[in-house]
Structures are given as structure tokens and as C-alpha cells.
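The values are calculated or read from the model by the stated rules, or taken from the named source; none is laboratory data. The model shown is predicted, which means the values in this text are computed figures rather than measured ones. We place every Cβ from the backbone using ideal geometry, glycine too, and count neighbours over all the protein chains shown.
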Ligand code: ADP
Ligand code: NI
């Protein structure tokens with residue numbers, strides 16, 4: 001039964017994100033689904049809740065779906081059509097509502113299921129994939145790749161973070177390199193450390209080439 005709902009959720013996001021080019025495409029959702037499942041097994045979390053929340057985590061994203069984001073209406077409408085009890089639906093919607101990074105106003109999810117999904121989403125912003133997604137997002141939003149005259153602001157609150165127009169390289173310092181310390185679970189902390197090392201090596205090389213040292 002749950003397998004059927006999962007398959008329907010996969011088909012739903014595949015269609016919904018068909019024309020998504022800002023790093024939040026269908027394949028991002030599938031990676032988050034896989035990583036969240038891996039973390040959830042280590043944490044003995046409820047797999048049904050984790051997997052559905054992971055698959056639906058971006059369907060009401062503030063940037064992708066501003067008209068449904070306050071009520072998580074896309075996720076709720078999808079879940080109400082399935083044979084799922086009301087409490088589980090509310091749990092999943094709460095996870096989706098609290099998942100996003102909001103600078104210093106970011107929320108730590110109340111449940112272990114929420115912690116697993118938030119960690120999986122944040123892990124996909126790190127490592128080689130994270131670097132690729134950041135530049136895809138930057139290009140999609142007309143951001144400069146890098147501008148040495150604009151310094152990063154590492155202490156932004158929600159409003160400042162939402163308004164920021166900073167370069168993609170600054171985004172590494174303003175968010176991406178802050179994430180490993182914010183991971184909720186031990187598994188995610190381990191993976192984040194490795195991915196962060198890779199990003200630091202990338203930045204070292206980037207600045208050497210920028211300065212014409214190599
Ligand atoms: P969350 O998943 O916490 O809601 P976002 O949707 O804002 O966070 O970020 C997801 C992806 O979009 C990340 O991989 C991140 O690198 C990219 N991204 C978000 N904002 C920016 C930005 N200002 N510059 C470059 N990439 C960004
Ligand atoms: Ni996401």
C-alpha cells in the first residue's frame with residue numbers, strides 16, 4: 001500500500017518539476033529521498049513519514065510555489081487523495097513547512113523524521129552536486145559568479161537571507177559552509193564533513209585561478 005503511494009508521489013514530482021532549472025529538479029528530490037531513507041534507517045525513524053516528506057519537500061517551496069507555500073497546499077492535496085490518516089498528513093506537512101534554511105531563523109524540526117529529511121535536503125547542497133547546484137541556481141537567478149568587491153554576510157536573518165542578491169561564491173560562505181555544523185543526525189554530520197572538505201578544496205583552486213596563480 002505504502003509502495004503504491006510512494007510510486008504515485010514519484011510520478012507527481014516528476015511531472016511537477018519537469019521544467020525546473022534552478023537546482024530543485026526531480027533528480028534533487030530523488031537524491032533527497034534516497035539519502036533521507038539511509039539516514040532514517042540508522043536513526044530508526046518512521047520510514048513512511050520520512051519517504052513521503054522527502055518526496056514532497058519541495059512541492060510547496062517558497063521560491064518554486066509561492067502561492068501554496070504558507071499552507072503546504074500541494075502536499076496536503078496530494079496526501080488527502082491517498083489512504084493516509086490525518087495525523088500523519090499533519091506530521092508530513094509540518095516537516096515540509098520547517099525544512100528550509102532561513103539564515104539565523106532556521107528551525108530545528110521537532111520530530112526525528114523531520115530531522116532526517118532536513119539533513120538529507122541540506123546534504124544535497126554540499127559536495128560536487130552542491131557546487132553544481134549552487135552555480136545552476138546562481139545562473140537561473142542572474143547572480144554574479146563572484147565579485148571580490150562584495151563581502152559575504154554570515155549572520156543574515158530570514159528577511160536578509162531572502163532579500164540577498166549576493167554572488168554564488170558568497171553563498172558558499174553565507175550558507176553552504178555553515179550547514180555541516182547544523183546537521184541534526186550523526187550520519188549526516190559524517191557525510192557533511194567529507195563533502196565540506198571537497199568544497200574547501202574547490203574554493204582554494206577557484207581563488208588560485210582567479211588570481212592567476214595557476
Ligand atoms: P532550502 O533547500 O534549505 O530551502 P534553498 O532552496 O534556498 O534551500 O537552496 C537549495 C539549493 O539552492 C542549494 O543547493 C543552494 O546552493 C542553492 N541556492 C539557494 N540560494 C542560492 C544563492 N543565493 N546562490 C547560489 N545558490 C543558491
Ligand atoms: Ni530541496
- Message: If I filter the stretch 16-27 for residues that are surrounded by fewer than 18 Cβ atoms within 10 Å (Cβ to Cβ), in contact with a helix residue (DSSP H, G or I) (Cβ under 7 Å, 6 or more places away or on another chain) and either farther than 30 Å from residue 135 by Cβ or in contact (Cβ under 8 Å) with a residue 24 or more places away in the chain (or both), do I get at least one hit?
- Response: yes
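Looking at residue 105, is it modelled with pLDDT under 95, away from ligand 2 (no atom under 13 Å from the Cβ) and more than 12 Å from the chain's Cα centre (by Cα)? Spell out how you get there, then give the answer.
Details: modelled with pLDDT under 95: yes; away from ligand 2 (no atom under 13 Å from the Cβ): yes; more than 12 Å from the chain's Cα centre (by Cα): yes.
Yes.
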- Would you tally the residues in the stretch 101-136 being more than 21 Å from residue 187 (Cβ to Cβ) and in a loop (DSSP other than H, G, I, E, B)? 2
- Message: Scan the stretch 163-179 and tell me whether some residue there is within 24 Å of residue 98 (Cα to Cα), outside any loop (DSSP other than H, G, I, E, B), in contact with a strand residue (DSSP E or B) (Cβ under 7 Å, 6 or more places away or on another chain) and modelled with pLDDT under 95.
- Response: no
- the stretch 67-78, subset assigned to a helix (DSSP H, G or I) and in contact with a helix residue (DSSP H, G or I) (Cβ under 7 Å, 6 or more places away or on another chain), residue surrounded by the fewest Cβ atoms within 10 Å (Cβ to Cβ): 76
- Task: Inspect all residues belonging to the stretch 12-25 and state whether any of them is away from ligand 1 (no atom under 15 Å from the Cβ) and within 16 Å of residue 115 (Cα to Cα).
- Result: no
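Could we say that residue 33 is in contact with a helix residue (DSSP H, G or I) (Cβ under 7 Å, 6 or more places away or on another chain), part of a helix (DSSP H, G or I) and modelled with pLDDT of 95 or more here?
Criteria met by residue 33.
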- Task: Those residues that are in a helix (DSSP H, G or I) and under 30 Å from residue 174 (Cβ atoms), I need them from the stretch 79-100; list them, please.
- Result: 92, 93, 94, 95, 96, 97, 98
- Of all residues in the stretch 137-162, how many are in a helix (DSSP H, G or I) and either in contact with a strand residue (DSSP E or B) (Cβ under 6 Å, 6 or more places away or on another chain) or buried (at least 17 other Cβ atoms within 10 Å of the Cβ) (or both)? 4
- Given (1) free of Cβ contacts under 8 Å to residues at least 40 places away in the same chain; (2) over 16 Å from the mean Cα position of the chain (by Cα); (3) closer than 22 Å to residue 23 by Cβ, residue 171 misses just (2)
